[in-house]
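Notes follow the structure.
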Amino acid sequence: VASRNMNLIQCYVSALYSSAKAGEYHLDDTLDDSSYDLMSMSAGAGAAMTKFKTSVNSIRGYKKGEAETIRRVLDEIEVVSVKRMSEGFNEFNFSVGVFNCLFIAYMFGAYPEHLWLIYLVEGSYFLPRKFLTMWSAQPLNQALYYLDFCWCMNFTAIFIIGLLVFFGLVVQDDGMVSNLAREAFFNALMGVACGSLIGANIVLPFVACLFHDVNTMTGLFIHLMPPMVMYTFMWHAEDIRSTWPEIFHLTYMDKIHYFPESGPFFAPGSGLDSVVGNAVVLYLLWWLPYVCFMLLFGIDLPKKFKYDGTPNNPKWDTVFHSTMRQGTCILIGKVFRGRSKRDSLQQMEENNFDLIDFFIYMALHMVAALSSFYVIGYPCFERQEFHLFMLVFVAWLAVTRGASRYTYYTTKMYSRALRKEFAGVLDETKQK
């Protein structure tokens, strides 16, 4: 820009010089000519000076416009920076996040008998902290996200562990929870943790390791920590029982079997003598109430328009609507409904999903969850090496996703924000 400005100035100076030079030649050629017109030469020089002043004013205006553009660019960069800082992107949060990951990894390897306690303590912090963020989310309140399966399973696990701690250490009457109930809960949570939650780690792209972001780390925590804790119970049961005898009996560990005696396939509600039988019951205890809630209230909450076409002024969001907006609506419309992408995009914009979309979504959710009990949960139950491999694999996936996000922050985030801000200016330039 500075080079262009200098060239422009040089151009106009040359024009002025040429005009003046032309006046000199005319004067030299007619020095003895009594008809020489002094007024003509004066007018030429005046015109050149006027052009020069106009050029200088144009350059000043150009510089003012350039300064305004730079100011807008800096303001937009500042907005992005402030947004990231408000989300916790700072040195302290990053340092604490890194240290916590290292601490959990160390305890998992060196003192596996205490990992459940870390899960209980950190879960008691992360879950309420995340809820406060979701409650204040804009433009839609996200508190109903806690009704989703993965959140409910973590609530159940933390509640049961807390109950066992209360009866074992506070009341000092560990007999208040029967061994039959302990075994049933253990079987159910084992199937969910080693099956559904590991599977969720694989397929959900937002399960990532972002050290600075408490919300993202909470999402990682509820998906990765339960399979890690269950690993310690399955393969270090004796260490846990000897260290915490008042809380965990684990006398049933030697007789646990994954499938019912009747075989791997059974009617829901039966096979309660097995891991997968209890896991299926626990899943249905979530699935049925959630479907009822969505049919009665949830499916209409985020819609932008009522059935009569009037504005709805929505306040609440759900995981179903959020997942559909992220592209699932297009997939379901294309594969199952024969719906055009344009119609799906309009539904995503208006949060207007019908009951058929919802039932297809919930059917796919059930198929994925129940399949994970067989495809992932059973090999984890049978082989310690496979269980450990799956933990390392999903941890690698989370780190990779986090690294991709940090790469975006440092290379592409600002350029995309600026292109979005100045999209109109760029389009005008292309048209010209």
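Against the empirical 2.2 N^0.38 Å (N residues), the stretch 208-313 has a Cα radius of gyration ratio of 1.63. Solvent exposure of M362, expressed as accessible area, is near 0 Å², computed with a probe of 1.4 Å over the protein chains only. Estimated at 0.36 nm per residue, the fully extended path between Y409 and L285 surpasses their Cα-Cα distance by 40.6 nm.
For F293 and R71, the difference between the fully extended length at 0.36 nm per residue and the C-alpha to C-alpha distance is 74.9 nm.
The amide H of F305, built 1.01 Å from its N in the peptide plane, has N312 as neighbours under 5 Å, considering only residues 5 or more places off or on other chains.
Take the Cα radius of gyration of the stretch 278-333 and divide it by 2.2 N^0.38 Å, N being the number of residues; the result is 1.38. For the stretch 247-323 versus the stretch 142-205, the inter-centroid distance based on Cα atoms is 14 Å.
The values are calculated or read from the model by the stated rules, or taken from the named source; none is laboratory data. Quantities reported herein were computed from a predicted structural model and do not represent experimental measurements. Please note that ligands, DNA and RNA were not included when accessible areas were found on the heavy atoms of the full protein model with its side chains. Shrake-Rupley method; radii C 1.70, N 1.55, O 1.52, S 1.80 Å.
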